[in-house]
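Asker: To start, I am sharing the structure in question, which I have written as C-alpha cells.
The values are calculated or read from the model by the stated rules, or taken from the named source; none is laboratory data. In this text, all values refer to a predicted model and were calculated from it rather than measured experimentally. A quick note on method: Cβ atoms are made from the backbone with ideal geometry, for glycine too, and the neighbour counts reach across all protein chains shown.
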Amino acid sequence: MTPCQHRWIFLTAGWLATIVWAAAATIEFDIQPRAVQLGESVTCRITIRGAAGAPAPSLPPIPGFEVTSAGTEQNISITPAGQEHSLTYTYRLTPREAGEFTVGPFTYALRGDSVELPAVRIQVLSAGPAAGTVGASPQGSPLLFATLQPDRPNPYVQEPFYLLLSLYYSQGLNLDRDISLSDLRTAGIGVGSGEELPGGREVVSNQLYDVRRFRFPAQGLSAGTFTVAPRMRVNLIEPRARSRDPFFDVFGDFPFGRRQVQPTDIDVVPLQLAVRELPAKGRPSGFAGAVGEFTFDVQAQPTELRVGDPLTLTLSIRGRGNLDAVTPPAIVLGDGFRVYEPKILPDASRGDQRVFEQVIIPRNRDATEIPPIAFSFFNPRTERYETLVRGPFSLALQPATADGPMVVQSSPRPSVVIPEALGTDLVYLQPAPRRWVSLASPPWYARPRTWALQGFAPVLLALVFAYARRRDELARDSAKARRLEAPRSAREALVAATTALETGPAQEFFESVWRVLADYFGHRFNLAPGEVTREEVALRLHRAGLPAADIQQVREFFGQCEDMRFGGGPAVRQPLDEPSRALWRARLDELSALLRRCERLRR
Amino acid sequence: MTRYLPILLVCCIVGALVHAAPPPHADREQRFVEARIAFDEGRFQDAFDLYEGIRQEGVVAPQLYFNLANTQVRLGQLGQAVLNYRRALTLRPRDPDARANLRFTLDITRGIAPEYPAFIRLFRQLNLAEWSTCAIVTLWLTIGLLAVQRLRVRRPSWLLQVATATALATLVAGAGCLVEWSFHRRPEIVITARDVQSRFAPLAEATPHMKLPAGSTVRLVERSADWWKVAAGGNTGWIPANVGEPVLPLREMWSGPTGHATVGP
C-alpha cells in the first residue's frame, strides 16, 4: 500500500469523530483541523448524546496548547422513538509552538463509568507566507495542484474500485465551490458519478494545504494499461485590480465589489492504471465473470410436491463486487426436469445483493434430486477463483393426480439443430396477403405531415369555442348585439335609399333615408323605434363626444326627412328631378361618412 | 329501359376490362403459391429463395414474414426464423399462429425472450398503425363532440361525458403510439448467429459476459462504432453488430430493401 493510500486511510479514519459508547449514551470526540499553522486554533468538540445533564468534561492541561472554553450547545429533538438529548462542549486549542503533538487520551466520567477518549495527533507548522500573497512558497511547492489515485493498485478486470481525486490549495487562495472536471472517463475504464468526501487539511512538503476530495466508482472493462488524465478547472476568487479612472475611483468599485473570479486550469498528473486480466489458471468452467467477494445461497420451495408441479429455486448472491454483471449460475438438470429461464427479482436486488428466481418442473418420479448448484467468482483479495456449492436438494415426489394437469413437453433439444422434418409441430403456412406494404415510402402514420394535420383539431375547436362564446355573449347583451348590428343595417338601408333615389318617388326615398337614420341610431343607442327622435339622437351623440358640427348635420338630416315625409305635399309622390337627385347622391355620401364617424365613437 | 341499355353496355365493357387486366401483384401471388408448393414438397431452399425474392422487391406482409420464418425453421436457421416471426408480430401483433410458432422455435433454441411489464404487453397488442388510427379517430371525435356540445344552445351534459370518454381514449391511444415509437427508436434485436456471448466492453478482447443463444431477443441500449450495447434479463453487455438484426425499426420500413437493416436513430 502506498504512502498516499496510508494517508487516505489515516485521514478518513481521523476525520470521523471518535465515538465511544457508555451505558446507553454515546460520546463523540473530535478535534478539527488536524493540521494548522502557528497562530491558528483548532476546535475540540465533545458531544454527549442520550445523557441529559451530563457534567462538563474537564480537560487537563495540554502541553504546547492554550485551552479556552468556546461554549456549550444543547439540542433536544423529538423523534417517533422518543426524546433525544445532546450536549456539546466546545474548546479552542491554540498552539504555542510548531511541531507534532498528541492531544489526549482523556478520561471522562459519566454516570459512574469512566470513558477513555482516545488521543488525536495534531501537526502545527511554522507561520507561512502572509495570507493573500500569490506566488510559489519559499520551498517551491505549488500553491494549487491535484492528484488522482486508485484506492487499490492494479485492479483486476471487472473489479470495482475507486478513483480518488484530491485538490490541494494553499491557505492563501480562495476557491469557488464550483469545480468542473472533464476527460475523466477513458476507453477501458468505466467511471461512475462521483461524490465529494469531507475535506480537511494536509501537510505536503512541509506546506499546509486545504484539501477537497472526490471519489468516483470505477471498474476496469478490459485488461491493459490505461491512462486517466482528467482536466480540472476551478475558480479563483481574487481581489479586483483597482481602476485608475478618477470617475470610478470616486464611487469605488460599487456595485461590483472588490473581488473577481478567475477560472484556472489545474494539471492533474495523469494516472497510469494497469488493469490485470483475470488469471486463466484455475478458472472454473462455470465462471461467468463475477469478480468480488460474495456469498451464495439457494432455497428450493417446495421440496414435497407432485410430478408436474412447479418448484422455485431462489438464488441469492450477496457481497461486494460487480453485482450488476452477475448472472445466475447455470443449473444442469437432466431430462427429468423442465427448466425455465431464471428471472431477476428487482425488488429484492438491492445494492449489495442480487436475487434470482428459477422455476423447474419435475417430469417424472425419477427426478428426485436437484444436483448441486455452483457459483464461481474471482476474489481479488485472495487472487483466486472460489466456487461456492449449494445442494444437492432432495425432492419428495408424489405421482401426478389422474385429473391433474399433465406436463406434455418435448424433450430438450440441442442448440444446434440438424434440419429434419418436424412434422406438424409448426402451424402451417399462411395464404398470400390481399394487400402488400411497400417499403418505398414511409407509411402514412410515419409521415410528419400526418401528425401536423392533426394540429388543426385543437385550432378548430378553439375557433368553435370563440364563436360560441361570442354568440352567447351577444345573446345575453342585446345592447351590444344591436350595437354590432348598426353598421350592417345602415349599409343595407343606404343601398335601399340609393335605389329609391334613382327609381322611386321622392317619398319612398325619404322614407329610406329615414330608415337609415332610424335603423342605425336605433341599434347604435339601443333605442326602441318610437324613441329614435332628433333630440334624443343629438343628445346621445353629444354625450358620446361627436363634434357639434356633425351633430348639427345629423339634425339637418332628421329635419329634412321629417319635412319631406310629413310635409312634402303632392310633389313627394313624384320622383326627384335630376338636380335634386344629384344633390341627394352627394348628401347620401355625406350621410355615409357621417355614420362612419359616429361608428368610431367609443360610447 | 332501352334507353339505359347503352349505359349498361358501357359499364359492362369497362368492368370487364378492369377485371381482365391482371392486378399488379398477380405475379407475386403466383410466386407465393409456388413457394408453398415447394415447401410442401420438401424443397425448403427453393421455397426460401422464392419468399426472399418477394421480400427483396421491397414489399412486406405479415404472411410473408411468417412463411419465411417457417421455411427457415425447416432449414435450421432458427435465429433468422425467430427474427421473422417477430417481424410478423410487429405487423400483426395478435396473430396466434406467429405466437405459437415463435414459442415453438424458442423452445428449441432456448433463446432469451424479453420480459416487459404488463402495461407494455397490453399496449403491444396493437401495432403502430392501429394505435395511430385510434388516436386520430378519437381525437377528431372528441373535437367534434366538444364542438357540437358547445354550439348547441342547450348543451346537453351527456355530450360532454362522451367527449371526456373519447378524450381519455385519445390519451390511451397516444400512449400506445409512444410505446410503439419507443420500440422503433430502441428496437429489439434478435441474435441470428450461434454461440454469441456479450462482453463487458465494446472490445473484442473484453471479458465475456452473458450467453445469448440464437433467437434471443435483446433490447438496444447504445451504439458504439460496430458494437451494440444490449439489455437482456436485467443485464447489459456489448455484442458485435453483425451477430443480430433489429426487428423492423420504423426507419427500415421506408429505407428500402437492404441486406442488413440499419438501426435508427
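Asker: Return the only residue of B:ASP46, B:ASP95 being surrounded by 13 or more Cβ atoms within 10 Å (Cβ to Cβ), farther than 16 Å from A:LEU426 by Cα and either acidic (Asp, Glu) or at pLDDT 90 or above (or both).
Answerer: Answer to the check: B:ASP46.
Asker: Something else about it: For segment A:440-460, state whether one or more residues are within 14 Å of chain B (Cβ to nearest Cβ) and at positive phi.
Answerer: For segment A:440-460, residues within 14 Å of chain B (Cβ to nearest Cβ) and at positive phi: absent.
Asker: Might you let me know whether segment B:87-108 holds any residue that is more than 9 Å from every other protein chain (Cβ to nearest Cβ), among the hydroxyl-bearing types (Ser, Thr, Tyr), within 16 Å of the chain's Cα centre (by Cα) and over 30 Å from A:ALA468 (Cβ atoms)?
Answerer: Yes, segment B:87-108 contains at least one residue that is more than 9 Å from every other protein chain (Cβ to nearest Cβ), among the hydroxyl-bearing types (Ser, Thr, Tyr), within 16 Å of the chain's Cα centre (by Cα) and over 30 Å from A:ALA468 (Cβ atoms).
Asker: It is to be established whether one or more residues within segment A:386-393 are closer than 19 Å to B:GLY233 by Cβ and under 45 Å from the mean Cα position of the chain (by Cα).
Answerer: Within segment A:386-393, none of the residues are closer than 19 Å to B:GLY233 by Cβ and under 45 Å from the mean Cα position of the chain (by Cα).
Asker: When the residues of segment A:226-259 are narrowed to those that are modelled with pLDDT of 75 or more and more than 21 Å from A:GLY194 (Cα to Cα), which ends up surrounded by the fewest Cβ atoms within 10 Å (Cβ to Cβ)?
Answerer: Restricting to residues being modelled with pLDDT of 75 or more and more than 21 Å from A:GLY194 (Cα to Cα), the top hit is A:ILE237.
Asker: Given the condition part of a helix (DSSP H, G or I), modelled with pLDDT under 85 and surrounded by 15 or more Cβ atoms within 10 Å (Cβ to Cβ), answer yes or no: does some residue in segment A:13-33 qualify?
Answerer: Yes, some residue in segment A:13-33 is part of a helix (DSSP H, G or I), modelled with pLDDT under 85 and surrounded by 15 or more Cβ atoms within 10 Å (Cβ to Cβ).
Asker: Could you tell me whether segment A:447-462 includes any residue that is part of a helix (DSSP H, G or I) and farther than 30 Å from B:TRP181 by Cα?
Answerer: Within segment A:447-462 (the criterion being part of a helix (DSSP H, G or I) and farther than 30 Å from B:TRP181 by Cα), the answer is no, since none of the residues qualifies.
Asker: Looking at (1) crowded, with 16+ Cβ neighbours inside 10 Å; (2) closer than 16 Å to B:PRO93 by Cβ; (3) modelled with pLDDT of 90 or more, can you tell me which one B:ALA147 breaks?
Answerer: Just one mismatch for B:ALA147, condition (2).
Asker: Before we move on, is A:ARG363 of a type in the set (Lys, Arg), more than 12 Å from every other protein chain (Cβ to nearest Cβ) and within 16 Å of A:ARG318 (Cβ to Cβ)?
Answerer: The answer is no for A:ARG363.
Asker: Further question on the same structure: For segment A:464-475, enumerate the residues that are at the interface with chain B (Cβ under 9 Å from one of its Cβ atoms) and loosely packed, with under 12 Cβ neighbours inside 10 Å.
Answerer: Across segment A:464-475, the qualifying residues are A:ARG469, A:ALA475.
Asker: Are any of the residues in segment A:167-182 at pLDDT 90 or above and under 30 Å from the mean Cα position of the chain (by Cα)?
Answerer: Within segment A:167-182 (the criterion being at pLDDT 90 or above and under 30 Å from the mean Cα position of the chain (by Cα)), the answer is yes, since at least one residue qualifies.
Asker: So is A:LEU501 crowded, with 17+ Cβ neighbours inside 10 Å and not small (Gly, Ala, Ser) or not?
Answerer: Answer is yes for this residue.
Asker: Output the number of the condition that B:PRO114 fails; it satisfies all remaining conditions of (1) without any contact (Cβ under 8 Å) to a residue 40 or more places away in the chain; (2) surrounded by fewer than 18 Cβ atoms within 10 Å (Cβ to Cβ).
Answerer: (1)
Asker: On to the next question. Evaluate segment A:529-538: report whether one residue or more is among the small types (Gly, Ala, Ser) and in contact (Cβ under 8 Å) with a residue 24 or more places away in the chain.
Answerer: No; the residues of segment A:529-538 include none that is among the small types (Gly, Ala, Ser) and in contact (Cβ under 8 Å) with a residue 24 or more places away in the chain.
Asker: Can we say A:VAL513 is closer than 24 Å to A:ARG483 by Cβ and crowded, with 18+ Cβ neighbours inside 10 Å?
Answerer: Yes; evaluated as a whole, the condition is true for this residue.
Asker: Please determine, by comparing only the residues of segment B:158-197 that are acidic (Asp, Glu) and free of Cβ contacts under 8 Å to residues at least 60 places away in the same chain, which one is surrounded by the most Cβ atoms within 10 Å (Cβ to Cβ).
Answerer: B:GLU180
Asker: Among the basic types (Lys, Arg), within 17 Å of the chain's Cα centre (by Cα) and within 25 Å of A:PRO443 (Cβ to Cβ), is that true of B:ARG31?
Answerer: Criteria not met by B:ARG31.
Every residue, every condition in (1) within 8 Å of chain A (Cβ to nearest Cβ); (2) within 18 Å of B:ALA113 (Cβ to Cβ); (3) touching a Ser or Thr at 6+ places or on another chain (Cβ under 8 Å), yes or no:
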| position | (1), (2), (3) |
| --- | --- |
| B:PRO156 | no, no, no |
| B:LEU159 | no, no, no |
| B:THR164 | no, no, no |
| B:LEU171 | no, no, no |
| B:ALA175 | no, no, no |
| B:HIS184 | no, no, no |
| B:GLU188 | no, yes, yes |
| B:PRO202 | no, no, yes |
| B:LEU212 | no, yes, yes |
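Asker: Just for segment A:154-176: of the residues that are under 30 Å from B:ALA225 (Cα atoms) and away from every other protein chain (no Cβ under 14 Å), which one is surrounded by the fewest Cβ atoms within 10 Å (Cβ to Cβ)?
Answerer: Step by step, filter segment A:154-176, then rank; the result is A:ASN154.
Asker: Any chance you could count how many residues in segment A:378-427 are at pLDDT 80 or above and within 13 Å of chain B (Cβ to nearest Cβ)?
Answerer: Total satisfying the criteria: 3.
Asker: In segment A:293-324, which residues are in contact (Cβ under 8 Å) with a residue 40 or more places away in the chain, within 14 Å of chain B (Cβ to nearest Cβ) and closer than 22 Å to A:GLU383 by Cβ?
Answerer: A:ILE317, A:GLY321, A:ASN322
Asker: Residues of segment A:287-321 being part of a strand (DSSP E or B) and β-branched (Val, Ile, Thr), which ones?
Answerer: Once the filter is applied, which keeps residues that are part of a strand (DSSP E or B) and β-branched (Val, Ile, Thr), segment A:287-321 yields A:VAL291, A:THR295, A:VAL298, A:THR312, A:THR314, A:ILE317.
Asker: Across segment A:45-84, what is the number of residues that are assigned to a loop (DSSP other than H, G, I, E, B), modelled with pLDDT of 80 or more and surrounded by 12 or more Cβ atoms within 10 Å (Cβ to Cβ)?
Answerer: 6
Asker: I'm trying to understand the selection: among the residues of segment A:177-195, which are assigned to a strand (DSSP E or B), away from every other protein chain (no Cβ under 14 Å) and surrounded by 13 or more Cβ atoms within 10 Å (Cβ to Cβ)?
Answerer: The answer is A:ILE179, A:LEU181.
Asker: Pick from B:ASN67, B:ASN84: which is over 28 Å from A:PRO458 (Cβ atoms), of a type outside the set (A, V, I, L, M) and facing chain A (nearest Cβ under 7 Å)?
Answerer: It is B:ASN67.
Asker: Every residue in segment B:123-150 that is within 16 Å of B:GLU180 (Cβ to Cβ) and at the interface with chain A (Cβ under 9 Å from one of its Cβ atoms), please.
Answerer: Within segment B:123-150, B:LEU128, B:ALA129, B:TRP131, B:SER132, B:THR133, B:ALA135, B:ILE136 meet the criteria.
Asker: Continuing with the same structure: For segment B:219-244, which residues satisfy the criterion of being touching a residue at least 60 places away in the same chain (Cβ under 8 Å) and within 13 Å of chain A (Cβ to nearest Cβ)?
Answerer: Within segment B:219-244, B:ALA232, B:GLY233 qualify.
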